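J.: For reference, the structure I am asking about is given below.
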Amino acid sequence: MIPVFPLRAVVVLYHPDDGAIDMVLAIASHDYAPVVVANAIDSAKLARLRGAGIDLIVNATNIGLAAAFNQGIDRALASGAAHVMLLDQDTRPAPDMATRLLALASRVEASGRRLGCIGPVPVDRKMPDARTLAATITGGVRDADLAEVATIISSGMVIPRAAIEAVGGMWDELFIDQIDHEWCFRASAAGFAVIAATSVPMPHDMGDHGIKLFGRYKPVHRSPVRHFHIVRNTLWLARCSFIPRRWRLAETVKLAARIPSYILFSSARSQTLRAVARGVSDGMAAPPGRTLSSSPARTSASSIS
């Protein structure tokens, strides 16, 4: 298919505030033709999007971030998009972010590397001076603007059509956490480069709370629902043999160290205790319809098995 759009944004919403709707309308005004997937949205905000002619997918229930991304990716590719840019409602991209990422993507591809994805460096909106590159630099492509890394976050991620067609979409059953890590490692295992655009910052609400720990700022999640998915999904990924052993071991150790803080900072401690226990139990069981093999999945965005 001849590309019709150089890039289409895929934005997933779940009970969005007015700022998230403003973000979508701003993206649309910059010709990024967003596909908006609403997992939950009130009628007034939905009317704003429909009134602006936004391409909408409205789900009857919350199907999760991963599956919603896949719905949007499928529609964007079907319309002829050469790249997709994934966004969630916690991100506030600068007007030129997509243009800058596309230009840097072209540089990577010109160097001879097969680009899996490229994304900005997130800056926590709650602590804008705490900008960090939360990724392991792996070598390969690296200059003043770019670094080849192990993973990048899903929001802000720009993926070429060729990478999606070769690697597949997001793992639906992960629902919300570790989606980006799993996809990046799957892309790397298939021979694609994961690139952080170190010169492109992106305001993003990381976690729902922030703490200072040993003089360093750390975003944390206080929701028991998030605690369940973090625990279960980390344990699932720890058993994926296409993911580097060092990462799997490190994340498992970190998870054990973090669980007390989940309970301490939880918005509902008894619920978090139960969520963590269920996360451990489900994480040690086989994921539904998934083989944790050394061969990364290469399927359509809407069907990973």
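J.: Taking the range 253-274 as the region of interest, how many residues are of a type outside the set (Phe, Trp, Tyr), in contact with a helix residue (DSSP H, G or I) (Cβ under 7 Å, 6 or more places away or on another chain) and within 30 Å of Ala187 (Cβ to Cβ)?
T.: Taking the range 253-274 as the starting set, the residues that turn out to be of a type outside the set (Phe, Trp, Tyr) are 253-261, 263-264, 266-274.
Checking which are in contact with a helix residue (DSSP H, G or I) (Cβ under 7 Å, 6 or more places away or on another chain) leaves us with 255, 259, 263, 266, 268-269, 271-273.
From the residues that got through so far, the ones that are within 30 Å of Ala187 (Cβ to Cβ) too are 255, 259.
So the answer is 2.
J.: Now for a separate question. For Gln71, work out the one condition from (1) under 17 Å from the mean Cα position of the chain (by Cα); (2) modelled with pLDDT under 95 it doesn't fulfil.
T.: Here Gln71 meets the rest and fails (2).
J.: If you take the residues in the range 2-13 that are of a type outside the set (A, V, I, L, M, F, W, C) and either touching a helix residue (DSSP H, G or I) at 6+ places or on another chain (Cβ under 7 Å) or under 14 Å from Leu49 (Cα atoms) (or both), which one is modelled with the lowest pLDDT?
T.: Pro6
Table: residues versus (1) open to solvent by 30 Å² or more (accessible area, probe 1.4 Å); (2) free of Cβ contacts under 8 Å to residues at least 60 places away in the same chain; (3) assigned to a loop (DSSP other than H, G, I, E, B).
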{"site": "Arg222", "(1), (2), (3)": "yes, yes, yes"}
{"site": "Val225", "(1), (2), (3)": "yes, yes, no"}
{"site": "His229", "(1), (2), (3)": "no, yes, no"}
{"site": "Arg239", "(1), (2), (3)": "yes, yes, yes"}
{"site": "Trp247", "(1), (2), (3)": "yes, no, no"}
{"site": "Val253", "(1), (2), (3)": "yes, yes, no"}
{"site": "Ile259", "(1), (2), (3)": "yes, yes, no"}
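The values are calculated or read from the model by the stated rules, or taken from the named source; none is laboratory data. These figures come from a predicted structure and were not determined experimentally. Methodologically, a virtual Cβ is constructed for each residue, glycine included, from the backbone with ideal geometry; neighbour enumeration extends over all protein chains shown. Ligands, DNA and RNA are stripped out before the accessible areas are found, and what is left, the full protein with its side chains, is counted by its heavy atoms. Shrake-Rupley method; radii C 1.70, N 1.55, O 1.52, S 1.80 Å.
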